[in-house]
Amino acid sequence: MTKRGLLQEFRAITSIKRPAQRGYALERFMVDLFRAHHFQTTPNAGAAKPRQVDLFATRDAESYLIETKWRSDKLDISDIDGLRSRLRRVPAYVAGLLVSVEGFSESVIADVVANAAQPVILLSGGELERILLDRESLLRLLHRKKDALLTHGEVLLDAPLVQPKPARRKKSATALPASPAEFVWPDGHRSRVLDCRGGFGQFVFTQEIPDIDWVPAAGVGVTLDLYPEIFSEQAVLNLIDTLASLGWATGQARWSIQQSSQNWHGLGTDEFTAALPRWAERASSEDSHHSEELCYTDVCDGGFYTLTAKLAAHKSRLASIVNLSFQLQGIPLDLAPLMQLCKAIGLHEAVYFRPLEGRSITHSRSFSTGRQIDIREVAYIVQPDVFDLDFDLDDEDAGPIANMRVREWVTGIVIENPLFGDPELARSEVELELRPLESSELVICNLTHHHPLDYEPVIYRTNRVECASSTSAQLYALSCDWEPVEPRSRIRDLIPGEPRDSGRHRPRPTAGL
């Protein structure tokens, strides 16, 4: 039955004067409502024998024992006691659903909170109307109610009676992943955030782009786009916490935040959540815009995903155009992780996989400017590695940890962008996929072969650019390689606070926020 037909059916029931007849009509209506949402329904089910129930509804892993009432007054404690006696006769995964058009007494609400271990969901007539008027989703509403009860011991009911608390940052029980890499400047300064001149354009530099087309079978990948109802910075941060708690965040996360004349590029999920609230620092310049854009990306099983949004650059921190886009090899056989994520962010309907139009990654020659590029490294991306020193087997007091030492390896470099602010560079010389790069003063390149941080001097050369797109973001994995300058020389380890004498000037941008 269509939503319009359900609304007409419900309104027809309101005109029935006899309570018993109206109650039977409500039972039939609930059957139609749950069938319209693809539940398997069994009216007058015997699941709680010897007692009968109005309706038993099942969809995938969700099962509800449903009792409906349409009396002239609110339901009291005796009504919920009757439903609980039936729930004791069914498996523990079955939740109770008590429907009352006229609402519930305070004693019923208190009982639901006190007995959350045997969950009973309360659904009022006002909420039914909102579902029928397409102002609320039945599936999202049921999940939110059940999650609030089991997780927080709260009853979500009509807004005038019990209001959900406004979105605020809750301390995550899961530690947010940190990047093992960091930026290191020639003077020894270290940070996981790099800032430079730039403009708007939702793109991000990433360590690698998983090739979702690199599979034995023919065909192209798929995209899954989620548009969560997020309207504030706090809700964005809560979404990141949710991704981390469900295992979708890793130490490979990269991100960027863009203002009208400045860009910030960062490493790691934890650094992103620390940087995002510092909007006032980013908006302090005279030419700052009233909004900023963010682009966050991470790898996942079978591909990668991006999170993009626009945020107001003032204390309201209103969020808009929030998109979570997954790029995958195909539709996974096990959909449970994605289903769990969708439920956690309140999305149950109108979510579909769509095939991509072509290959996910395009390859370009190094910036494609048709001329030799002078590589000027501004900073390094370094990552620690542990290697063995001399291990004295006769020393019983020295354990393996005492005989280990950390060496840092350069895994990437930050260079001046030859496409930025070059008046002699014709736009036609730049490939279409690379044009968003024109808005950033600096670019981050990955080294094809790593070298120790204390190994100098070397010459860097760019060799290729990989580009991929999600629905609302552009990803770049720029790579370069190096060769030693003869004679090879070893210099002292880089000590924070002491400049390195590399024999040539390296410009240093302002680091961090």
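A short reminder: the numbers here are calculations on the coordinates, not readings from a lab. Fair warning: this is a prediction, and the values are worked out from it, not measured in the lab. Here the Cβ is made from the backbone with ideal geometry for all residues, glycine too, and neighbour counts use every protein chain on show.
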Report ³J(HN,Hα) in whole Hz for each residue of the stretch 89-98, in order, from the Karplus equation J = 6.51 cos²θ - 1.76 cosθ + 1.60 where θ = phi - 60°; Gly and Pro get x.
-> 9, 10, x, 5, 6, 7, 9, x, 10, 10
Taking placed amide H atoms and a strict 5 Å upper bound, the residues 5 or more places from V193 or on another chain that come that close are F183, G512
Using only alpha carbon pairs under 8 Å that are at least six residues apart, calculate the relative contact order of the stretch 3-152 and give it in whole percent.
-> 18 percent
From the backbone phi of the stretch 232-243, what are the Karplus-calculated ³J(HN,Hα) couplings (6.51 cos²θ - 1.76 cosθ + 1.60, θ = phi - 60°) in whole Hz, Gly and Pro given as x?
-> 8, 4, 4, 5, 5, 5, 5, 5, 4, 4, 5, 4
What residues of the stretch 250-289 lie in the reach of a label at I321, counting those whose backbone N is under 15 Å from a point 7 Å from the Cα along Cα→Cβ?
-> 257-260, 289
Diffing the stretch 22-37: the Karplus 3J(HN,Hα) column from phi (6.51, -1.76, 1.60, θ = phi - 60°), in whole Hz with x for Gly and Pro, holds 5, x, 5, 5, 5, 4, 5, 5, 5, 4, 5, 5, 6, 5, 5, 9
Would you please name the chymotrypsin sites (Phe, Trp or Tyr not before Pro) within the stretch 3-112 that are DSSP coil residues with at most 12 other C-beta atoms within 10 Å of their C-beta?
-> Y93
So if R0 is 45 Å, what FRET efficiency would R376 and A280 give, r being the distance between their Cβ atoms, rounded to the nearest 0.05?
-> 0.90
Looks like the stretch 20-99, by Cα gyration tensor root eigenvalues a ≥ b ≥ c and the a/c under 1.5 rounded cutoff (else prolate when a/b is bigger than b/c, oblate otherwise), is oblate
What full-extension length gain, to one decimal in nm, is calculated for R407 and D287 as 0.36 nm per residue of separation minus the Cα-Cα distance?
-> 39.0 nm
Inter-probe distance in nm under a simple model that places probes 7 Å from Cα toward Cβ, at F353 and Y227 = 2.2 nm
Over the stretch 223-318, what is the mean sequence separation of C-alpha contacts under 8 Å (at least six apart), divided by residue count, expressed as relative contact order in percent?
-> 27 percent
Shape of the stretch 3-152 from its Cα gyration tensor (a ≥ b ≥ c, root eigenvalues): rounded if a/c is under 1.5, otherwise prolate when a/b > b/c, or oblate?
-> rounded
Whose amide H sits under 5 Å from the amide H of C480, counting only residues 5 or more places off or on another chain, with H placed in the peptide plane?
-> N446, L447, T448, N463
The set of residues whose placed amide H lies less than 5 Å from the amide H of L157, leaving out same-chain residues fewer than 5 positions away, is V162
Pairwise label distance in nanometres, I331 with D158, each label 7 Å out on the Cα-Cβ vector = 4.1 nm
Cα gyration tensor shape for the stretch 172-239, rounded if a/c is under 1.5, else prolate or oblate = oblate
